[in-house]
Each structure stands twice: as structure tokens, then as C-alpha cells.
1. Multiplying the sequence separation of Trp70 and Val140 by 0.36 nm and subtracting their Cα-Cα distance, what value in nm do you get?
2. Go through Ser25, Ser170 and list them by solvent-accessible area, largest first, probe radius 1.4 Å.
3. If the reach is capped at under 22 angstrom between alpha carbons, list the lysines near Lys37, excluding any in the same chain fewer than eight residues apart.
4. On a 1.4 Å probe surface of the protein chains, which of Thr107, Thr123 comes out largest in accessible area, and what is the full order?
5. Throw me the Rg/Rh for region 62-101, computed over C-alpha atoms with Kirkwood Rh, two decimals.
6. Along Cα→Cβ, 7 Å out, is where each label goes; now give me the distance between the ones at Thr151 and Lys37 in nm to one decimal.
7. Express in Å², to the nearest 10, the accessible area of Phe121 obtained by rolling a 1.4 Å probe over the protein heavy atoms while all chains stay in place.
8. Nearest 0.05, what FRET efficiency do Leu80 and Arg165 give at R0 = 25 Å with Cβ-Cβ as r?
Amino acid sequence: MFRLQGSKVLAVDMTGDAVRAKNGSMVAYDGQMAFKKMSGGGEGIRGMVTRRLTGEQMTMMEVKGHGTCWFADRASEINLVGLQGDKLYVESSNLLATDGGLRTGTTFTGMRGASQGNGLFTTTVEGHGQAAIMSDGPAVVLRVSAQYPLTVDPGAYVAHQGNLRQSFQSGVTFRTLLGEGGGEAFQIRFEGDGLVYVQPSERNTIAGDV
């Protein structure tokens, strides 16, 4: 069971089940716990090959036992996302923890990899259960519908779920429009029906040079 203690600490109550979490994110636990380091990017041979191709820097650990485990990472804000057989797309650096029963993998997303520190691939989480995602500042959850497509700055993008199509728009950016310069050379456009999570503080991006 995932629950938040404040907005920056995730508490997971376990009764013999397992949870996967970002390596090094555990801050405390009580009861009896066993820890095992894992590699992110997906399970099995395909996941291993994908990690090599993408350079996906997502090291996870599996925690199993009886008691409560607390997780946090650099005082980031945490959002809980419930999955009912659907798929969550999230930047690997923004994924804190998942239920042990959820499957993780990677998917090709195209040019958004120009965000510094992120590959051309994004992490996928699917199945039935809960995931905890992080943001730099409180995340805003924006609804996309057929009538209202959404355009997002790549540095502010955290995750999305639902039946969404993703495309990239280049040209004038939010910042260059305001005369600040040095902004991203493209934005991400979402169409369809679903949710997009954005953070108020942007990553450093190098997209303007691409």
C-alpha cells in the first residue's frame, strides 16, 4: 500500500510483498526487509538489450518484507498514480517506485531525448497497481481531450497516461517569444484523451542546439 507522508515522502506498507524503487531512495524502514539491486529499462533479455541501446540510466532496487519502508529523493514532490491495466509513460529520472506486480519497460519517443540526461526513450509502467512519480515542485495534472490538445515544454514534462498521441513542434518557443532566448527549439504536442503531468521547474535542455 502506497501512501504519502507530507508531499515529499512515500510510505509503503508491506506484508511479504515487494516494491521496486529508485536505487538509494530509501530513507528509513521498520520490520524485516530484504533489498536487491536491479537494473531498470525493462525485464529480461529485451530489457537488457534496450538499456544498452538507449543508455537508460534507471537503477532500481527491489524491497521485500514485512513492515513499512519510506522513500524520498532530493526533496522532490511525489504524486501517486493508480494503474488499472493501462500504461504510464514517465521520464526515468522522475520514477520513484512501483508496485512489485507492475511491469516496466522502455519505448521510443523521438526527439524529446534532446532533454539533457534523457535518452530518446521513455520508461513505461503498466499493469494493475500504484506507481509514485516525482517532480521538481508540485506537479500539475493537465487533462487532454479531443477538443483541447495540449502543448508542453520538454523541460517541464514528467509523465503521461491515457490514449494520447505525441508529436513534436519546432520553431518559436515559449521563451524566445518572450525575448529570453536559449529556450527549447521544440515543444511536445499531445492529442487524444488522457492526462499529462508537468513540473513547474524545468530541466536544463540542450534541444536548442539540435
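The values are calculated or read from the model by the stated rules, or taken from the named source; none is laboratory data. If you're wondering where the values come from, they're calculated on a predicted model, not measured in any experiment. Glycine also receives a Cβ, built like all others from the backbone with ideal geometry; neighbour counts cover every protein chain displayed. With ligands, DNA and RNA removed, areas are computed over all heavy atoms of the protein, side chains included. Shrake-Rupley method; radii C 1.70, N 1.55, O 1.52, S 1.80 Å.
1. Details: separation 70, 0.36 × 70 = 25.20 nm, distance 2.37 nm.
Fully extending the segment from Trp70 to Val140 adds 22.8 nm.
2. Values: Ser25 0, Ser170 100 Å².
Sorted by accessible area, descending: Ser170, Ser25.
3. Lys22, Lys64
4. Details: Thr107 40, Thr123 0 Å².
From most accessible down to least: Thr107, Thr123.
5. Values: Rg = 11.8 Å, Rh = 12.4 Å.
Rg divided by Rh gives 0.96.
6. The answer from the label model is 4.4 nm.
7. About 50 Å², rounded to the nearest 10.
8. Efficiency, rounded to the nearest 0.05: 0.45.
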